[in-house]
Each structure stands twice: as C-alpha cells, then as structure tokens.
Amino acid sequence: MGTFIQLVIDGLSTGSVYAALALAIVLVHSATGLINFAQGGMAVLAAYFAWYLTNQGVPLIVAILLSIVFSFALGAVVERWLMRRFERGDPDTAVVVTIGLLTLITGIAGWLWTYNNQQFPSLFPLDTVSFLGVSVSIRSIGTTVVIVVAMVLLQALFVGTKLGLALRAVAINPQSAAFSGLPVGRLLMVGWGLAAVLGAVAGALVAPQLTLTPGMLDNALVYALAAVILGGLTSPVGVVVAAWIIGILENLAAVYVPFIGHDLKIAVPFILLFVVLIVRPQGLFGRKTVVRV
Amino acid sequence: MTLLELEDVTASYGPVQVLEGVSLSVPENGAFGILGANGAGKTTTLRAISATVRTGGRITFDGKDIRGLRPDQVAALGIAHVPEGRGTFGDLSVRENLRVGAYLRNDRKGIDEDIDYCLDLFPNLQERIGSNASALSGGEQQMLAVARAIMSKPRLLLLDEASLGLAPSTAKNVYDAIRRLRSESGIAMLVVEQNANLAFTLVDGATVLETGRNVLTGTTAELKGMDEIRRAYLGG
Amino acid sequence: MASASSLSTSSRSAAAPAAAAPSFRQRRWVRMAAPLVLALVLAVLPLVLPEFANETIARIGVFAVAVLGLNVVMGYTGQVSLGQIFFLGVGAYVTAYGVQNDWNIVLVFVLACLIPAVAGLIVALAAARLGGLAIAMVTVALPIVGVPLAKRLSEFTGGSQGLSARFADNPEWTGLYDDQWQLYIVLVIGGIVFLLTRYLVRGKYGRAFAIVKGNENVASSMGISPYRYKVLAFTIASLIGGVSGFLYMLVVQYTSPETMSFGHSIELLAAMVIGGAGSIVGSILGGAWYVLVPQLTNAVDASLTALLQGAVLLLVLFVLPGGLASLPRALTRGRRRSGADRGVGAPPTTPSSTAGSGTAAEGSERERQGPA
C-alpha cells in the first residue's frame, strides 16, 4: 500500500508536468487555432537559459524567474514573427512550421550547449517526508503544488482581469474583438507568451529529474498531446485531469504490469487513447461539435 | 459638419475587386443608409471603413485620412462596427460581452452606467445578463451586438443588416431601440439594410449601390418618391 | 495545385510569341524519348560511377521511397504524419528477421510490405476518427513508442544491438560488383513504386485525395468519405514505408532502434517539405536532401545538422512553399514578374487572406481545378 501511494503521488507530479505543457498547447490552440509541436522545445530553451544563468552564479530561483521572463518574450516573438502568417490558414502547414521551429530550437540548444546531459539543480530537497506512514518525495509534492498554483493563477487571470477577458474575446472572435478596439496582434503575442511561461515552469521543475538535453521534453510533448486529445481541445480542466490520469496510470503500469515496465510506459497513454477513441471520439471532456471543419 | 466621408473608394478580396468606386458622406449626428441587392458591395463598404479589406480611394473621419490603419485603431477613433452575422462572443456572458465592448475605456463608473443604459434600451438582455451569448435567440444576439458596439461610446456606428434573419416584429423592436438610441445619444450611423422600409424609418438619406458603385443618392423623402426604388426595394 | 496549372499555361502563352514554336519540352518526340533516355542513363550509371557514389545513390533511392510514402499521406492528402520512419523501421526489422531465418526473399519482401501496411491501417483507423490535427498528434507517438518497443522485443529485433543481415549478394552470372547490383535492385523496385504511386495520385484516388486535402466538407458533399480516404492514404504510405525499409536493409544491411528515432522522423518530414510536398520529383529531391545534407554538415560540424535542417525548413515554408521541386517554376515566375508585361499574365494568388470567409466558394473552385 505504501508503494502504491508513493507511485500515485509521483505520478501526480509527472502528470502535472504534462498538464502544464498540455495546457500551454490548449492555450495556443484556442488563441490561434494551431497545435504547437515546439511547445516543449521552447520550454527546454528556457531551462537551458536558467541553467546557463546558474552557472554564472545567479541563484537558482532568480535564474528560473528570469527564464520565465525570457520565455514570455520568446513566445511573443515566435507568434509575431514566425507563426502569424500561418495562423488561420491551413492548420497542417502551421503544424509543419512548428515542427521546423522545434528542429531549429533543438539545433540551437545542441549547437550552443552540446547534446550531452547537463545537471540541472533542483528547486526542492531530494528528501522524503513521512505522511501517515507513507514516505513521499518532497520534490513530487513541490512540483505538483507549484504547477497547480501556476494553473490557478492563470485561471484567475483569465476569469478575473480585463486582460484575461480580452484574451478570451480574441480567441473566440478576433474580428469582433478588433471592432471593439482590442489590439488583436498584441493580445495573441501575450497568449503565446503565457503559454511559453507555463511550459518554462514545467521545464524548470522536471529538468533536475530528466537532466537537461535538447530533446528533454520530446517524450513529455507526446504525453501532453495525448492528454490534449483525451481531455478534448476545448476543455482545460479535462486536459489537466487527463494528464494526471496519464501520469498516475503510467507509473502504476510500470511497476505492476510486468510487460510494460519503465521502458515501455510511454505506450500507456496511447493504449488509453486507443480505447477512448473507440468509445468516445470527442475525448473525455470535449464537446462533439468542435472538431475542425 | 461631415463626420465620415468616402471618396471613390475601391476594395478587393485578393484578385477580386468588389468596390469599383463608392462615395458617400455621413454628417455629425446624421444617419445614412446603404441600399442595394446582394453582392452590390454594401457589407464591403462597411468593411472598407473598419479596415478589414484592402482599399483604394479616400476615407476620412473627422477630417483625418483613416486608410491604412488597423481595425482596432479605427475602433479607437470612435467607429464601432456591428458586423453582419452579429459577431458576439459566444462563450462569454452577456455582461462580459458588454465589458469587451468597453475595452478602450477605463472609467469604471461610466462603464457600469452604460451597461445599465444598454439594459434599459434592450430590456430582453436584462434577464439574460449571466447567460452565454451563444445561448441567446437571434434577436437577443442582435441586440447584444448593438449594445456591445455602443459600450465603446462611439461617434459613428456601422450597422450591417441588423434585421437579417429576424422575425418582422423582432426586427422592428431592434430598430425602435436603435432609433431611440439615435435620438438620445446623437451617435451618427451608417446603416446597411436589405429591408428598405425598415431603413427609411431610421435614416435621413441613402445611397443605392449596384456592382460596387453608387447609382443613386438622395434624402429619404426623395428616394421614397422614386418609382424604381419603390419597385425594387419597397415592395411595390 | 490550381495555381500550378494556371502557371504552366500562362508561361506557355508568354513564351509563345518569342519562340514562335512549341518550346523544347513540349515537343512530342522529346516527351516520348525523355523517359527512355532517363532509363538508359540509370542503367548505365551504376557501371561507370565509383563505389561510393553508387552507395550514396542507393541510399538516396531508399529514402526517396520513404519520402514518397510520406508524400502520399501528407503532400497529396494533407494529413501531417510524424510517424513515417516507424514504418521504414518495421519494414527493415521484418526483412532482417526473415533473412536471418532463411525465409524465401520474395516472402520476406511481401511481409516487409504487408506488416507495416497493417500496422498503419490500425493506427489510421483510430487516429483518423478524430479529424483535424489528430493524425499528427497521434503519429508523433510512433517513433517515440517504437524505439523502446524495438529494444524490448529483443528476440525479434536484437534489442539495442540491432540486427545485421546480408542478402541479395551479387549472383555470379552478372559479373557485377555488389554496390552495382544493389543499386540496380533499388532502382528497379524504387522505380516501380514511383511509377505505381504516380499512377495512383494522378488517377481517381489521387483526385479524391486532393479533394479531401482541399476541403473535407466539399469531399463529403461529393460522396467522398474523408475518413476512408485518409485511412487509405495512410495505409498506402505505411506500405511504401515498408518497401523503403526492405531497401534500407538491402543497402545498409543493419538496423537498430535508432533507425526509427523521433529525430529521424522529423528529418524525413523536413526532407519531404524541402523537396516538395505533393510532388514526385520532390520526393526524389527529398531523398537526396535526407542523405546528402547530414553528410555535408557532418563534414563541417555535426552539431549543426539540426540547426540547419530547422532553419532551411522554415525558410522553405516562408519563401518556397512548393519546396525545391517548385524552384524552376518560381524562378520563371520571378523573371516574368520583373519583365515589362507585369500584370498581364500575373497568376492569381491563392486567396489565403480571405480564408475563413469564402471557404465554400474556394472549395468549389478547387473542385473544378483540382484534378488537373
């Protein structure tokens, strides 16, 4: 039982990382109608930025905060100067553009910092705490808590502020938003910037565990995309729940299903996806009508 | 005093030219109509003003050339566009729609007052204030679209086919409210309308477009007296 | 496609007054003789080229076939697939396993086509249900799941060590060297795949693919099931991927989980876009890009490969959406643009700016011009 709870909590923590990335993908999709395959790559670049700063003697927490600022700018710049001409055009072309961006970012990181694994310092101590007789890693709890707080803050921004209202309005109907005087282009940049920030938070939290490489989040991207499909592109809550389910299930499967083991646990979300696709093609929480026409 | 003036305006979507040369003017506090068959360029004329189509010619607002601005910059000058198909924000509540309309303003108290004014103007919206716009009826959505536009305190309202798809009694309600708005606020209006009978209850003058050009311009009284207008637009 | 056809006609009419005769390429005997000359050149080339060149051309042939498969589903049918390399890998493993167990080589070839095709069919049946970008989002998992899966199934795949297999050794009677013989096999099998695919995409199915790519609603309204044609295209792409895996084993004689890595999958997609999406010639150029560019960049600095691939891919998407295959056309257009008759024969630019608003009209436009 102790192992089980430990596995669930660790799963929740990796699931939170997938959730942050998945939420970033949903955010970008609702604002600009495309799937950003470079979402993980941008987060890796932010993690490298933070890592580089810590090597220059900047305290870790400051380095991460600076990398978050860097991410916001990166997201905004990518939207304005790379993606804008492909938005609301053919979504498949736009996807290829984001794949080009992923390749470019991976290439830049590999060129600047090599493809070798780099140690990224952890924000949390590597100890465990005992809780009701179960020992749980502080890092797992910390990761989960930070990401949940980030998501709550984002939700508060969207629901409770004028900027959030404007971002939602632009996502729903850019033309009417412009007719009301909303600077659509700048708001799209903000949307991409916020998505990149979410990714950067996830990247900084998971980097100590995975060690930093240019392809560090390739697998996480795949999990995040699975969560996006399972949760439904229009349902942020559904996506987060799906990501947690994936995180927990793969952790349990790795230990309790001998054939899967740790090396094949990445197949878990896709087995799940297969089952769900056959039973509920609109995803667990999505609405039937929103599949692209 | 002329508020909006179009001189020989052309417009095209890609290679397809839709406006061949449209001229009109709307005086301050005035209301002017654009009539014409489907595809004559009525909607495109409004889009030319709000900068959502590529244009040529001269468009001046308050004496300043506004061609080349972005749509949100045009809106910031005080031109509010109620587009064809209403363009409300489906996933936002009625109140949120109105707040988006007031995006350019920062006077909290004034915004709240104007929301109350809108609800007074369109009492139907009062009871739906918390509902999502997508849950409203067609008539209510049209009312919301007009209300959202006036939340920005515009000097000129561009109104595109406000009666489209509405039952005659609903269309009349919408126009009654807009007439009241005009008399109380003095907002100038440029009105595109298929239903000329309805348009003539609101506008002082109008122009008739055919294949992207003006063919006839006059005051409401003059136009109502013309046989061809009666035959083509007033049902006999 | 629409702009392509209008371009070629207008360039012909622009050239007509100057040349006063059909241009070189239009002459009947040239059109008849060109394939023969090409076949002859390909038949002689392996005999005169050095070994290294033959091997390189054979590798280009292998990946040209892989890119061609990707083109069927992506270039012609408009469905982004990030998993094409997986089917190459499966084909290679099946070939290696069959050869190691001394199965008949024809049977091995058939299985190397069929097993990837069935795998592709199963994936497509699920992924295509979602529509939109789901195929891209699901297929990205194939290489990422494929690599650990190949490591795990070590009794079939040799685990991380991989499998080596030599087959199709040069028979005595030919008097050829191994590299020459292998290149001939690649040219023959690859040539047949290219001809069949060309036939496919220019025929009834190709028209249906083009309509699905253009507008799924229009396709449905014409009685063409987007779902069924997407599954079909994906299955054919997987089958062609299997063929390329067979050829890969023939030429490289070794495969490992690394063969189907995520990085290679993306490089293959980049090669297809850079070569030219929806183009037969583009597939060959894509194969050449896939093989030659890493060779060139490795000579300078291996860590630059990904950077260069990404930069060129983005550059192509911005300035040459038709890829390298459209370069000659883009150049002639550029020349005509700068000429004096500007505006007269100007090609209608695709009205992408009016996308959202005029989809129905655009769709019917494509419906008329698509099959050109």
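Each reported figure results from applying straightforward, stated rules to the coordinates on display, with no laboratory input. For clarity, every value in this text was computed on a predicted model and none was experimentally measured. A quick note on method: Cβ atoms are made from the backbone with ideal geometry, for glycine too, and the neighbour counts reach across all protein chains shown.
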Working only within region B:125-172, note down all residues that are among the polar types (S, T, N, Q) and closer than 22 Å to B:Ser93 by Cα.
B:Gln126, B:Ser131, B:Asn132, B:Ser134, B:Ser137, B:Gln141, B:Gln142, B:Ser152, B:Thr170
What number of residues within region C:305-328 satisfy the criterion of being within 13 Å of chain A (Cβ to nearest Cβ), assigned to a helix (DSSP H, G or I) and within 19 Å of the chain's Cα centre (by Cα)?
7
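Tell me the residue from A:Phe72, A:Phe124 that is crowded, with 16+ Cβ neighbours inside 10 Å, farther than 22 Å from C:Ala271 by Cα and within 19 Å of the chain's Cα centre (by Cα), please. First the steps, then the outcome.
Numbers: A:Phe124 fails: within 19 Å of the chain's Cα centre (by Cα).
That would be A:Phe72, the only listed residue that is crowded, with 16+ Cβ neighbours inside 10 Å, farther than 22 Å from C:Ala271 by Cα and within 19 Å of the chain's Cα centre (by Cα).
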Quick one: B:Thr44 ticks every box in (1) more than 14 Å from every other protein chain (Cβ to nearest Cβ); (2) touching a Leu at 6+ places or on another chain (Cβ under 7 Å); (3) in contact (Cβ under 8 Å) with a residue 24 or more places away in the chain bar one, so which box is it?
(1)
Suppose we filter region A:225-250 for residues that are outside any helix (DSSP H, G or I) and either of a type in the set (Val, Ile, Thr) or closer than 15 Å to C:Ala141 by Cβ (or both); how many remain?
1
Tell me the helices (runs of 4 or more DSSP H) entirely within region C:60-174 that contain at least 1 residues that are more than 9 Å from chain A (Cβ to nearest Cβ) and of a type in the set (D, E, K, R).
C:154-157
Give the number of residues within region C:163-176 that are closer than 28 Å to C:Thr259 by Cβ and either acidic (Asp, Glu) or touching an Asp or Glu at 6+ places or on another chain (Cβ under 7 Å) (or both).
2
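Can you list the helices (runs of 4 or more DSSP H) lying wholly within region B:50-150 that have 1 or more residues being under 19 Å from the mean Cα position of the chain (by Cα)? Spell out the reasoning first.
On the way: elements: B:71-76, B:94-101, B:108-121, B:123-127, B:138-150.
Output list reads B:71-76, B:94-101, B:108-121, B:138-150.
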Could you give me the residue pairs with C-beta distances under 9 Å whose first residue belongs to region A:220-241 and is on the phi > 0 side of the Ramachandran plot, whose second residue is buried (at least 24 other Cβ atoms within 10 Å of the Cβ) wherever it lies, and which are 6+ apart or on separate chains?
A:Gly232/A:Val239; A:Gly232/A:Ala242; A:Gly232/A:Gly283
Going by the structure shown, is A:Val58 more than 20 Å from A:Leu194 (Cβ to Cβ), without any contact (Cβ under 8 Å) to a residue 24 or more places away in the chain and away from chain C (no Cβ under 14 Å)?
yes
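Considering only region A:105-126, state which residues are outside any helix (DSSP H, G or I) and over 15 Å from C:Ala302 (Cβ atoms).
At the first step, the residues of region A:105-126 found to be outside any helix (DSSP H, G or I) are A:114-126.
Within region A:105-126, A:Asn117, A:Gln118, A:Gln119, A:Phe120, A:Pro121, A:Ser122, A:Leu123, A:Phe124, A:Pro125, A:Leu126 qualify.
Among the residues of region A:150-160, is any of a type in the set (A, V, I, L, M, F, W, C) and touching a Phe, Trp or Tyr at 6+ places or on another chain (Cβ under 9 Å)? I'd like the intermediate steps shown before the answer.
Going through region A:150-160, the residues of a type in the set (A, V, I, L, M, F, W, C) turn out to be A:150-154, A:156-159.
Keeping just the survivors that are touching a Phe, Trp or Tyr at 6+ places or on another chain (Cβ under 9 Å) gives none.
Checking region A:150-160: not a single residue is of a type in the set (A, V, I, L, M, F, W, C) and touching a Phe, Trp or Tyr at 6+ places or on another chain (Cβ under 9 Å).
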Are there any pairs with C-beta distances below 7 angstrom linking a residue in region B:2-14 that is more than 17 Å from B:Ile79 (Cβ to Cβ) to a residue that is buried (at least 21 other Cβ atoms within 10 Å of the Cβ) and hydroxyl-bearing (Ser, Thr, Tyr), with the two at least 6 apart or on different chains, and if so which?
B:Thr10/B:Thr55
State yes or no: is A:Ile99 within 14 Å of chain C (Cβ to nearest Cβ) and crowded, with 19+ Cβ neighbours inside 10 Å?
yes
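Quick check, is A:Val28 within 13 Å of the chain's Cα centre (by Cα), more than 24 Å from A:Leu167 (Cα to Cα) and within 14 Å of another protein chain (Cβ to nearest Cβ)?
Working: within 13 Å of the chain's Cα centre (by Cα): yes; more than 24 Å from A:Leu167 (Cα to Cα): no; within 14 Å of another protein chain (Cβ to nearest Cβ): yes.
Against the criterion (within 13 Å of the chain's Cα centre (by Cα), more than 24 Å from A:Leu167 (Cα to Cα) and within 14 Å of another protein chain (Cβ to nearest Cβ)), A:Val28 does not qualify.
Go through region A:127-181 and tell me which helices (runs of 4 or more DSSP H), entirely inside it, have 1 or more residues that are closer than 30 Å to A:Leu7 by Cα, out of contact with any helix residue (DSSP H, G or I) (no Cβ under 6 Å at 6 or more places or on another chain) and away from chain B (no Cβ under 14 Å).
Working: elements: A:138-160, A:162-172, A:174-179.
Helices (runs of 4 or more DSSP H) meeting the threshold: A:138-160.
Can you tell me which of B:Arg70, B:Arg54 is touching a residue at least 40 places away in the same chain (Cβ under 8 Å), of a type outside the set (Asp, Glu) and within 14 Å of another protein chain (Cβ to nearest Cβ)? Quick ask: steps written out before the conclusion?
Details: B:Arg70 fails: touching a residue at least 40 places away in the same chain (Cβ under 8 Å).
Result: B:Arg54 is the single residue among B:Arg70, B:Arg54 that is touching a residue at least 40 places away in the same chain (Cβ under 8 Å), of a type outside the set (Asp, Glu) and within 14 Å of another protein chain (Cβ to nearest Cβ).
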Within region B:71-85, can one find any residue that is surrounded by 20 or more Cβ atoms within 10 Å (Cβ to Cβ) and within 19 Å of B:Gly139 (Cβ to Cβ)?
yes
